[in-house]
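The values are calculated or read from the model by the stated rules, or taken from the named source; none is laboratory data. All values derive from a computational prediction rather than experimental measurement. We place every Cβ from the backbone using ideal geometry, glycine too, and count neighbours over all the protein chains shown. Just the protein is used for accessible areas: all its heavy atoms, side chains included, with ligands, DNA and RNA removed. Shrake-Rupley method; radii C 1.70, N 1.55, O 1.52, S 1.80 Å.
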Amino acid sequence: MLALKNTENLTGALISGDFWDLDELCTTIYHLTRNQDRNLEWQGARIRLLSIAYDLRHAYQGERNVEFVANGLHKATMKAHDFIAPENNIYYSAEILWPELAFAFVAINDFIKLYKKEEEATDYDINVVNARKFQAIIAKGLKENMSKEEYTFFLSSVSSRNASVQEYAVQYIDTLNLSYIEMPREQRSNSFAAIIHNIIVDNNEYDSFKRKVLTEASKTKCSIHDLRLDIEYPEHIEW
């Protein structure tokens, strides 16, 4: 079963599941974002979602975290059915930064709408269902880190018509990620809701940042989605 839990230092969340859980989620993300030649206004958000899929794919290939999880099979059951099998399943996992996950939560709403329109899909389409399941575990994790009022505000903001990642300056997520990484745990806890809200609610900080990105993009005549900031993530993160 796909699951999410806070990392020890609240830097991010651990996304875990067996091979098929993570493969299914990656496949869903690929299906939702596959029309890269269309809807170019969402190109930046598409890349961010695919980066999460990249980490999860490497996780179920055994290149991240691996653990054994009890599968509920007991010796009495094996004896009754006359077979021998492992009592544990292998679960794979990868850590994802919290600002990245919050942005993904919002982005998935946009890509579901685009997917349903292009594929004439319904709410019962398997990719829509799987995407909503991923959103549900992100929401559960967010709820655990927010007050009731903060979480209610988050949900109402995401549900508003203005909550969209169309033409979003995704470089802003990099700045949030980096500032979040540098915080001590207590500060992360105290700043968690404010950082998440900055992603979904119009604010002066983001507006100013986007203007700077657009100015730099115009100098090189590139798309806002193609502009790369001169920043580097630390090689080691205290998760």
Cβ-Cβ below 9 Å, separation at least six or inter-chain, first residue in the stretch 222-239 and acidic (Asp, Glu), second part of a loop (DSSP other than H, G, I, E, B) and open to solvent by less than 50 Å² (accessible area, probe 1.4 Å): which pairs? GLU238/THR7; GLU238/ASN9; GLU238/THR11
Could you identify the single residue in TYR60, TYR91 that is aromatic (Phe, Trp, Tyr) and either within 28 Å of TYR168 (Cα to Cα) or not in a helix (DSSP H, G or I) (or both)? TYR91
Considering each of SER179, SER218, SER191 in turn, give the residue that is assigned to a helix (DSSP H, G or I) and over 21 Å from the mean Cα position of the chain (by Cα). SER218
Just the residues that are open to solvent by less than 40 Å² (accessible area, probe 1.4 Å) and within 18 Å of the chain's Cα centre (by Cα), please, taken from the stretch 54-76. LEU56, HIS58, ALA59, TYR60
What do you reckon, is PHE192 in contact with a Phe, Trp or Tyr (Cβ under 8 Å, 6 or more places away or on another chain) and over 14 Å from TYR180 (Cα atoms)? no
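For every residue, the table says whether it meets (1) more than 22 Å from GLY12 (Cα to Cα); (2) among the hydroxyl-bearing types (Ser, Thr, Tyr).
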site	(1), (2)
SER164	yes, yes
GLN171	no, no
SER189	no, yes
GLU216	yes, no
Quick check on my filter: what residues within the stretch 15-28 are open to solvent by less than 10 Å² (accessible area, probe 1.4 Å) and either among the basic types (Lys, Arg) or in a helix (DSSP H, G or I) (or both)? LEU22, LEU25, CYS26, THR28
Residues of the stretch 29-53 being open to solvent by 30 Å² or more (accessible area, probe 1.4 Å), in a helix (DSSP H, G or I) and free of Cβ contacts under 8 Å to residues at least 60 places away in the same chain, in sequence order, are TYR30, LEU50, SER51
Checklist (1) closer than 22 Å to TYR180 by Cα; (2) modelled with pLDDT of 95 or more applied to VAL158, failing item: (2)
Kindly check whether there is at least one residue in the stretch 94-103 that is acidic (Asp, Glu), within 16 Å of ALA3 (Cβ to Cβ) and at pLDDT 90 or above. yes
Can you pull out every residue in the stretch 122-143 that is part of a helix (DSSP H, G or I), free of Cβ contacts under 8 Å to residues at least 12 places away in the same chain and charged (D, E, K, R)? LYS143
